[in-house]
Amino acid sequence: AVESGGVMTAGTLTVAQFGGSTTSGNISVSGIGSTLSQTGSTWLWLGHGSSGSATLNILDGGTFTAGNVGTILDPSGTINIDGGFANLGPLAHQGGTINFHSGSLSYGGNLTVGNGGLLGNGDITLTNSKQLALTGTTTVNPFRTLTLNGGTFSTGNLLIHNGGTFDF
């Protein structure tokens, strides 16, 4: 854990990448001024394709910055952002979960609002406690809604399918 204003710089980080029923790993960055940064051509590999568990918690003012290669989020990986700042770099979302409660999330890649979405299968609301920035295309699926209610949102492109809604 990096906490209470601690600062850590690392190269490549892998957490439970090789799986296994009893395999688990956890990284936490918590508290104002607490920072975990990767340098150069490195990546964070979080989780495995079918077993084990891997968690990255970015909480209460903590900051995580991925290396230039970015973040690989496998099905057994989870990222929890609750009052922290996460810059995931280029994101290879391969089935893991991002629980974005509050704070800031930025990454290189796309966002789907609806089934198969990075932030869940339903609607997304960005309140004043959330900042979301991505470089790719945000797609709002039919009968789904992306709501900007005091939060901050930046996307490369916005595609709203017939029946989808963007409220601001």
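The values are calculated or read from the model by the stated rules, or taken from the named source; none is laboratory data. What you see is a predicted model; the values in this text were computed from it and never measured. Note that we place each Cβ from the backbone using ideal geometry, even for glycine, and neighbour counts take in every protein chain shown. Accessible surface areas use protein heavy atoms only, side chains included; no ligands, DNA or RNA. Shrake-Rupley method; radii C 1.70, N 1.55, O 1.52, S 1.80 Å.
Keeping to the stretch 25-49, report how many residues are over 18 Å from the mean Cα position of the chain (by Cα) and closer than 18 Å to residue 71 by Cα.
Total satisfying the criteria: 3.
So how many residues does the stretch 146-168 have that are in contact (Cβ under 8 Å) with a residue 24 or more places away in the chain, under 13 Å from residue 112 (Cα atoms) and under 20 Å from the mean Cα position of the chain (by Cα)?
Counting residues in the stretch 146-168 that are in contact (Cβ under 8 Å) with a residue 24 or more places away in the chain, under 13 Å from residue 112 (Cα atoms) and under 20 Å from the mean Cα position of the chain (by Cα) gives 2.
Of the residues that make up the stretch 4-16, is at least one among the hydrophobic types (A, V, I, L, M, F, W, C), in a loop (DSSP other than H, G, I, E, B) and over 30 Å from residue 144 (Cβ atoms)?
Kept after step one, since they are among the hydrophobic types (A, V, I, L, M, F, W, C), are these residues of the stretch 4-16: 7-8, 10, 13, 15-16.
Subset that is in a loop (DSSP other than H, G, I, E, B): 16.
From what's left, over 30 Å from residue 144 (Cβ atoms): 16.
Taking every residue of the stretch 4-16 in turn, at least one turns out to be among the hydrophobic types (A, V, I, L, M, F, W, C), in a loop (DSSP other than H, G, I, E, B) and over 30 Å from residue 144 (Cβ atoms).
For residue 132, are the conditions met, namely being open to solvent by less than 50 Å² (accessible area, probe 1.4 Å), under 21 Å from residue 16 (Cα atoms) and aliphatic (A, V, I, L, M)?
So residue 132 fails the test.
Just name the residue that is surrounded by the fewest Cβ atoms within 10 Å (Cβ to Cβ) out of those in the stretch 61-76 that are part of a strand (DSSP E or B) and of a type outside the set (Val, Ile, Thr).
70
State the number of residues belonging to the stretch 92-103 that are surrounded by 17 or more Cβ atoms within 10 Å (Cβ to Cβ) and in contact (Cβ under 8 Å) with a residue 40 or more places away in the chain.
Of the residues in that region, 2 qualify.
Checking residue 52 against (1) modelled with pLDDT of 95 or more; (2) surrounded by 20 or more Cβ atoms within 10 Å (Cβ to Cβ), which single condition isn't satisfied?
Residue 52 satisfies every listed condition except (1).
Quick one: would you say residue 143 is more than 20 Å from the chain's Cα centre (by Cα), at pLDDT 95 or above and surrounded by fewer than 14 Cβ atoms within 10 Å (Cβ to Cβ)?
Here the answer is yes, as residue 143 does meet what is asked.
Mind checking which residues of the stretch 2-39 are surrounded by 17 or more Cβ atoms within 10 Å (Cβ to Cβ) and of a type in the set (A, V, I, L, M)?
The answer is 2, 13, 15, 16, 27, 29, 36.
Determine the pairs where a residue that is more than 19 Å from residue 66 (Cα to Cα) and free of Cβ contacts under 8 Å to residues at least 24 places away in the same chain, located within the stretch 109-123, has a partner that is in a loop (DSSP other than H, G, I, E, B) and open to solvent by 40 Å² or more (accessible area, probe 1.4 Å) with Cβ atoms under 8 Å apart, the partner being 6 or more residues away or on another chain.
Going by the 8 Å Cβ cut-off, the qualifying pairs are 121/115; 122/144.
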